[in-house]
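The values are calculated or read from the model by the stated rules, or taken from the named source; none is laboratory data. Predicted model only: the values in this text are computed from it and were never measured. With ideal geometry, Cβ positions are generated from the backbone for all residues, glycine too; neighbour counts draw on all protein chains shown.
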Amino acid sequence: MKKMLCAGLLLVGAGTALLSAAEMIPNHLPDWAFGGFVRPQGVNPVIAPKEDSTFNCPASGKVVQWESNDTFNPAATVKDGKIVVLYRAEDKLAKGLGKRTSRLGYAESRDGIHFTRKDKPVFFPDKDSQYDLEWPGGSEDPRIAVTEDGTYVMFYTQWNQKNARLGVATSRDLIKWTKHGPIFQKAHNGKFHNMWSKSASIVTTVKDGKQVIAKINGEYFMYWGEDAVYAATSADLVNWIPVVDTWGNLVPLIKPRKGFFDSTLTECGPPAVLTDRGIVLIYNGKNASGKDGDERFARNAYCAGQVLFDAKNPLRPIARLDSPFLRPMDAFEKSGQYVDGTVFVEGLAYHNKKWFLYYGCADSLVGVAVYDPAKPALGDPLPVRK
């Protein structure tokens, strides 16, 4: 049974049947949600580090093994009948989370599972107009969507190891990119230009069998944010205006919840999708390390949730999962740079009538899980509460 509370929160159907000796229960999802997503057997991780890929870095003037340490946090889209994944890759020239340089690699696949990769990154910090914002940290955590006329729009984190800013770039082929700079640099007289900003999920829809960028009430619309989910609008896909209240403050649409898997962060994931039920936003929830977290999941673990927004009023949440639909379960999702466990979802591609979800595994690898609307599955099984 799937039930909804009047306030719009989901009660996960928690049966008493044990799925394993570890006391797991089935994770039923409501009919508005995407999933469950099933990990194909024996294929994950689909992208892993390579030692032999070298690149002459224009920002440093050095030859680097640009994807030798980690490959993770991918964006995904479809071009010419293939799924293209742009994944974040780090070299070994420094140690520690956020201390290395990130560049974006290119991988393509006809089945969404087996990939062919390019030897060089296709997006990286350069001695260009964005150098001061992207060096030495690099270009991180992309999300990609495409317009109906075939222009690919990528939102990514510009990281100079001092401040994180959401940047935007466009391309016609996913290889040659034009950087347009920070997305909030002009809005509200530059008030939010130097504010820490990450994780943009532009609203898309499926039209004529393709996932394309949509407009809501005549404007382009995105959800964004790390500590909470905020919103922004745009007329041109490049310059974005954050939604603020009467006093000029950002308006949080959803926030972390004590006692839940998203008790520390609610960080936007892949492009949101406009459906006949509303706008579905898939997001990343970080569990608290102390008593405020959900005891069923590891402290500081990242799990994936979903929230449904009103299509006519995209600022209004209608429903929200109380438990994650995807969580760290396999060994490669719980070992790597981020040992507490991570399934960090960023790439969502509609291909051959299925949804392919690409995610970072422990900040080290790329995994995939697939949702077939013709054969709905359960979400990841949930531990019984103690």
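Take A228 and tell me if it is closer than 15 Å to L348 by Cβ, modelled with pLDDT of 95 or more and within 16 Å of the chain's Cα centre (by Cα).
No; evaluated as a whole, the condition is false for this residue.
For the range 244-280, which positions are over 19 Å from S323 (Cα atoms) and in a loop (DSSP other than H, G, I, E, B)?
Result: D245, T246, W247, G248, N249, V251, P252, P271, D276, R277.
Within the group E67, E108, E140, which residue is more than 28 Å from K210 (Cβ to Cβ) and of a type in the set (D, E)?
Residue meeting the stated conditions: E67.
Scan the range 11-34 for residues that are modelled with pLDDT of 95 or more and outside any strand (DSSP E or B) and report the count.
7
A374 passes all but one of (1) without any contact (Cβ under 8 Å) to a residue 60 or more places away in the chain; (2) assigned to a strand (DSSP E or B); (3) among the small types (G, A, S); which number fails?
Just one mismatch for A374, condition (2).
For the range 228-269, enumerate the residues that are farther than 21 Å from N313 by Cα and free of Cβ contacts under 8 Å to residues at least 40 places away in the same chain.
Once the filter is applied, which keeps residues that are farther than 21 Å from N313 by Cα and free of Cβ contacts under 8 Å to residues at least 40 places away in the same chain, the range 228-269 yields P256, R257, K258, G259, S263, T264, L265.
Go through the residues of the range 319-337 one by one and say whether even a single one is crowded, with 24+ Cβ neighbours inside 10 Å, at pLDDT 95 or above, in contact with a helix residue (DSSP H, G or I) (Cβ under 6 Å, 6 or more places away or on another chain) and on the phi < 0 side of the Ramachandran plot.
no
Within the range 46-80, which residues are of a type in the set (A, V, I, L, M, F, W, C), free of Cβ contacts under 8 Å to residues at least 40 places away in the same chain and either surrounded by fewer than 15 Cβ atoms within 10 Å (Cβ to Cβ) or within 22 Å of L348 (Cα to Cα) (or both)?
V63
Working only within the range 199-225, note down all residues that are surrounded by 15 or more Cβ atoms within 10 Å (Cβ to Cβ), in a loop (DSSP other than H, G, I, E, B) and out of contact with any Cys (no Cβ under 8 Å at 6 or more places or on another chain).
A214
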